[in-house]
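The values are calculated or read from the model by the stated rules, or taken from the named source; none is laboratory data. If you're wondering where the values come from, they're calculated on a predicted model, not measured in any experiment. When we count neighbours, we look across all protein chains shown, and the Cβ atoms used for this are built from the backbone with ideal geometry, even at glycine. We work out accessible area using only protein heavy atoms, side chains counted, and drop any ligands, DNA or RNA first. Shrake-Rupley method; radii C 1.70, N 1.55, O 1.52, S 1.80 Å.
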Amino acid sequence: MDLQLRGKTAFISGSSQGIGFAIAEQLLKEGASVIINGRNKEKLEQAISQLQPLGKVSGIAGDIATIDAPPVDILVNNVGIFGLKSFFELTDEDWLHYFNVNVMSSVRLSRALMPSMLEKKWGRIIFISSESGVNIPANMIHYGMTKTAMLSISRGLAQLTKGTEVTVNTILGGPTYSDGVKTAIESISAVQNVPVALLKDNIFATTNPGSLLGRFLHAAEIAQLAAYLASPLSIATNGAALRADGGVLNTIL
């Protein structure tokens, strides 16, 4: 299927690795030009080098709060942080930090880039949220809160697109074997002297017993849905929260 993305330009926040990198990779394969972003300049340059054989890619280094992203056709609000911490140990500063990185980054970029989309009457904004925004983890309430907030912002922005071909949607990603998860499991594997594959399966089965997929998602499996939502073919999908969660959520919606 041709997703008709040739000639389109996308900006993806937090995309020097993980899900953001996979989305950049998929969009490049579909013919789009891509601008990736990361705070670590060296890591960003490595990512650009890896992606260059696939198409036209450039990068903007720096924090979302300070960068000046150029007008684009497609915005993917992907940047985010997570971490386990007891609710009773979270400080006000912790809450504000998570909200600033996970929520306000999307607000700032959408506020800066959506007006030009509305003026052209074409554009795509995609929020990368999580099933944790619906099924709030007891040990990551702060993280779940930010992912729920993304759902509200996305739906609200969609209300502003009437009369245009601009769409705003959210992806509810499931447990993914991201670079951060991979590093953590490999570290535990080394300490406990347990094979990575076995530890990976055991951790997933323990933490996600209700998963229908029965394994961690690959970042590419979320990226494929993102590429469709970025496409002109997805025009009938607007203001929606779409799941790529491996069946972790047991709700109908």
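Some values worked out for this structure:
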| quantity | calculated |
| --- | --- |
| The stretch 114-134, residues that are buried (at least 20 other Cβ atoms within 10 Å of the Cβ) and part of a helix (DSSP H, G or I) | 117, 131, 132, 133 |
| Matching residues, the stretch 74-95, being open to solvent by less than 50 Å² (accessible area, probe 1.4 Å) and over 11 Å from residue 141 (Cβ atoms) | 74, 75, 76, 77, 78, 79, 80, 81, 83 |
| Failed condition for residue 12, given (1) open to solvent by 10 Å² or more (accessible area, probe 1.4 Å); (2) under 24 Å from residue 172 (Cβ atoms) | (1) |
| Single unsatisfied condition, residue 137 versus (1) open to solvent by less than 70 Å² (accessible area, probe 1.4 Å); (2) in a helix (DSSP H, G or I); (3) free of Cβ contacts under 8 Å to residues at least 12 places away in the same chain | (2) |
| In the stretch 23-45, residue nearest to residue 226 (Cα to Cα) [restricted to those that are hydrophobic (A, V, I, L, M, F, W, C) and crowded, with 24+ Cβ neighbours inside 10 Å] | 23 |
| Residue match in the stretch 220-243 (condition: open to solvent by 70 Å² or more (accessible area, probe 1.4 Å), touching a strand residue (DSSP E or B) at 6+ places or on another chain (Cβ under 7 Å) and more than 24 Å from residue 137 (Cα to Cα)) | yes |
| Any chance residue 4 is out of contact with any Phe, Trp or Tyr (no Cβ under 8 Å at 6 or more places or on another chain), open to solvent by 40 Å² or more (accessible area, probe 1.4 Å) and either within 18 Å of residue 176 (Cα to Cα) or modelled with pLDDT of 95 or more (or both) | yes |
